[in-house]
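Visitor: Dropping a structure here in structure tokens format, bear with me for questions.
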Amino acid sequence: MSSHKNSYRPPAVEFPRFREDEEYDLNFCFLVPDEIQSERVKLVPFIPSSHTEQYLLGTKDHPELYRYLPYGPFKDKEDFYCFIQERIATDPGTVLFAIIDKTKPDPERPVQGGTFAGVIAYLNTLPLHLSTEIGHLLILPAWHRTFLTTNAVGLLLRQGLELPENGGWGLRRYDVRRGWG
């Protein structure tokens with residue numbers, strides 16, 4: 001006869017309805033800078049109303065980009081918004097960034113400071129353990145085998161490991177995982 005039980009039940013989660021006309025709440029456990037940048041790359045918080053169109057346009061003809069990701073490809077904007085609501089917006093340990101290539105101006109979006117090149121995120125961030133993971137990494141094909149991924153990951157490493165008095169979060173552990181195929 002067993003002397004223990006497990007009465008865990010997944011919490012009922014109500015996903016907030018995303019509205020393009022409202023300010024987007026990052027809902028992240030650390031203060032997120034408006035931008036994290038180097039000479040060639042800029043990371044900005046992914047704001048669905050600003051970045052979704054660029055994301056979907058860049059990925060629509062490339063379903064292979066999702067080969068090692070547990071989601072996608074997305075059928076349309078609503079499908080992508082559901083992903084943002086369920087996987088990003090409701091998790092205070094996750095924040096998604098748009099990756100901007102500062103070396104390639106975007107004439108349609110000059111205020112962006114470059115061309116949208118992909119996304120990257122902190123996930124499974126635990127302030128109590130001073131730990132995080134880098135994931136949700138998707139680089140558009142034009143930037144494969146370039147400086148972009150290395151620079152984007154380096155920016156997130158620096159932001160997380162830098163001490164708070166120097167503008168970072170003072171994290172002490174990064175989990176690294178890789179999809180295998």
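The values are calculated or read from the model by the stated rules, or taken from the named source; none is laboratory data. Fair warning: this is a prediction, and the values are worked out from it, not measured in the lab. Cβ coordinates were reconstructed from backbone atoms using ideal geometry, including for glycine residues, and neighbour counts include every protein chain displayed. Keep in mind that these areas ignore ligands, DNA and RNA; they rest on the heavy atoms of the full protein, side chains included. Shrake-Rupley method; radii C 1.70, N 1.55, O 1.52, S 1.80 Å.
Visitor: What number of residues within the range 33-73 satisfy the criterion of being crowded, with 18+ Cβ neighbours inside 10 Å and not in a strand (DSSP E or B)?
Guide: Going residue by residue through the range 33-73, those that are crowded, with 18+ Cβ neighbours inside 10 Å are 36, 41-46, 48, 51-52, 54-55, 58-59, 65.
If we keep only those that are not in a strand (DSSP E or B) too, we end up with 46, 48, 51-52, 54-55, 58-59, 65.
Final tally of qualifying residues: 9.
Visitor: Restricting attention to the range 88-100, does a residue exist that is of a type in the set (D, E, K, R), farther than 25 Å from TYR66 by Cα and open to solvent by 50 Å² or more (accessible area, probe 1.4 Å)?
Guide: no
Visitor: Tally the residues that are within 21 Å of THR150 (Cβ to Cβ) and more than 15 Å from the chain's Cα centre (by Cα), restricting the search to the range 42-58.
Guide: The total comes to 1.
Visitor: Tell me which residues, restricted to the range 121-179, are open to solvent by less than 80 Å² (accessible area, probe 1.4 Å) and of a type in the set (D, E, K, R).
Guide: GLU133, GLU162, ASP175
Visitor: Tally the residues that are of a type outside the set (Gly, Ala, Ser) and surrounded by 21 or more Cβ atoms within 10 Å (Cβ to Cβ), restricting the search to the range 101-120. Can you show your working first?
Guide: Filtering the range 101-120 down to residues of a type outside the set (Gly, Ala, Ser) leaves 101-112, 115-116, 119-120.
Applying the additional criterion that residues be surrounded by 21 or more Cβ atoms within 10 Å (Cβ to Cβ) yields 101, 115-116, 119-120.
Selection size over the range 101-120: 5.
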